[in-house]
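Colleague: The structure is given below, and queries will be raised subsequently.
The values are calculated or read from the model by the stated rules, or taken from the named source; none is laboratory data. Note that this is a predicted model, so its numbers are computed, not measured. When we count neighbours, we look across all protein chains shown, and the Cβ atoms used for this are built from the backbone with ideal geometry, even at glycine. Surface accessibility is based on the protein's heavy atoms, side chains included, excluding ligands, DNA and RNA. Shrake-Rupley method; radii C 1.70, N 1.55, O 1.52, S 1.80 Å.
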Amino acid sequence: FEDIKDGYFRLVSEEYFSNAFPNIVFDSASHLFNLKLTRRPQKNFQVELGGVIASRDVSNFFLGFNYYHFNNNLLHAYAGFQLGNFYKSVVTKVRLDFPFQFYMEPKLSYNQWNYLANDDLLKESNTPTVLKRINRNYGGDFGFPLAKSSKAIISIEGMNNVDQYSNEEVFISSDTLDRLQLTGLNLGIAFTSTTLNRKQYASAG
């Protein structure tokens, strides 16, 4: 029973299976108990809407898409978009969970800040003044368990960042902006572990 309990809580810790409920039924023919998991129908395609409305010119609109597909492996594809005068962003990632307790998650992100579109952010006399910034990140995460309550995550991420700025106190549209480009590779490994006695409302650990 403890093995069943442990396996069930591992399963429902994944959001896609969070609505799966267990039921133990006695089989009179075999005189054994059968474990049944009942899961409410769930839409595999989900849409998220949001945004920010502000008195400053930082308002933006958010649109997100989630797609799930489960066969032998669990696939979760995500795309998120933010659009505004000051900030624009695109984030895409695909997570693939394998039955042998391993997942991989390639991802790609694009972020842009346009400080010229936000007058109040330029009032402070900082030099140099960044007028436009673009960050591009691409890479992936690889995760696997180390023990019952521990896991390791290996991250590989490349970056390509571009800053366009002016060193002049007064900027006019005919000025040629200075350009700073930075490329690089980030490598990381993380170990996480927990000794909590319960996933929710833990009293020890």
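Colleague: Which of (1) part of a strand (DSSP E or B); (2) at pLDDT below 95; (3) closer than 21 Å to K151 by Cβ; (4) not charged (D, E, K, R) is the odd one out, the single condition H69 does not satisfy?
Modeller: Checking H69 against (1) part of a strand (DSSP E or B); (2) at pLDDT below 95; (3) closer than 21 Å to K151 by Cβ; (4) not charged (D, E, K, R), the one that fails is (3).
Colleague: Next up: Restricting attention to segment 166-188, and to residues there that are assigned to a loop (DSSP other than H, G, I, E, B) and among the acidic types (D, E), which single residue is least open to solvent (accessible area, probe 1.4 Å)?
Modeller: Looking at the filtered set, the residue picked out is D175.
Colleague: May I pose another question? Only strands (runs of 3 or more DSSP E) wholly contained in segment 87-165 count here; list those with 1 or more residues that are among the basic types (K, R) and modelled with pLDDT under 95.
Modeller: 87-98, 129-147
Colleague: Sort out which residues of segment 175-205 are of a type in the set (D, E, K, R) and within 30 Å of D163 (Cα to Cα), and write them in order of number.
Modeller: Listed by number, the residues that qualify are D175, D178, R179.
Colleague: Within segment 29-45, take every residue that is surrounded by 10 or more Cβ atoms within 10 Å (Cβ to Cβ) and of a type in the set (A, V, I, L, M, F, W, C) and give me the one that is nearest to Y16 (Cα to Cα).
Modeller: Within segment 29-45, the match that is nearest to Y16 (Cα to Cα) is F45.
Colleague: Go through segment 1-20 and give me each residue that's out of contact with any helix residue (DSSP H, G or I) (no Cβ under 9 Å at 6 or more places or on another chain), open to solvent by 60 Å² or more (accessible area, probe 1.4 Å) and of a type outside the set (V, I, T).
Modeller: Matches in segment 1-20: F1, E2, D3, K5, F9, R10, S13, E15.
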